[in-house]
1. Tally time: how many residues in region 83-99 are at pLDDT 90 or above, over 14 Å from the mean Cα position of the chain (by Cα) and surrounded by fewer than 18 Cβ atoms within 10 Å (Cβ to Cβ)?
2. Could you please find all residues in region 72-96 being over 12 Å from LEU116 (Cα atoms) and of a type in the set (Phe, Trp, Tyr)?
3. Scan region 121-135 and give yes if some residue there is surrounded by 10 or more Cβ atoms within 10 Å (Cβ to Cβ) and modelled with pLDDT under 90, otherwise no.
4. If you check every pair at least six apart or on different chains, which have Cβ atoms under 6 Å apart with a residue in region 77-100 that is closer than 20 Å to ARG62 by Cα first and a residue that is of a type in the set (Lys, Arg) second?
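The values are calculated or read from the model by the stated rules, or taken from the named source; none is laboratory data. Computed from a predicted model, the values in this text were never measured in an experiment. Please note: Cβ atoms are built from the backbone with ideal geometry, for glycine as well, and neighbour counts cover all protein chains shown.
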Amino acid sequence: MAPTRRIAALLLLQNHAAALAPPVVKAADVAASGLASMARMPVAAGKSTTVVEGLAAYPAFRTPPVLYEFEACPYCRFVREAVTALDLVVDVKPCGRGSRHRAEARKLGGKEQFPLLVDGDTIVYESADIVDYLAEKRGVT
């Protein structure tokens, strides 16, 4: 299965699960969760708890990718959700009308199309391409 489809399926599952089963917090649930966490502590100490398993560590010496987007865009939302699901560090620059970041994005990419991802010398448009690029760079298996 392609990385984009896996991430899309994960995002749909997360969105539908929240809609289908609103959380009902009970004291017994909180106590059981706390006890389970305490029991797991010796085993899980120092291990990652990311949403997607199998991620390669992002090199600390590299600057994070920059995502130019605006809030009302559904394609930008898809990319933001994928970034969250992948547990990535991304510098997000909002590009609403009149924003200083919009002119910067136009200068970098040559057009006002969003979302736009800039990772070093790599410039990627189109939400599915951006998600595939990020998944490939992060090493999703």
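1. 1
2. Result: PHE78, single match.
3. Checking region 121-135: at least one residue is surrounded by 10 or more Cβ atoms within 10 Å (Cβ to Cβ) and modelled with pLDDT under 90.
4. From region 77-100, the pairs are LEU86/ARG138.
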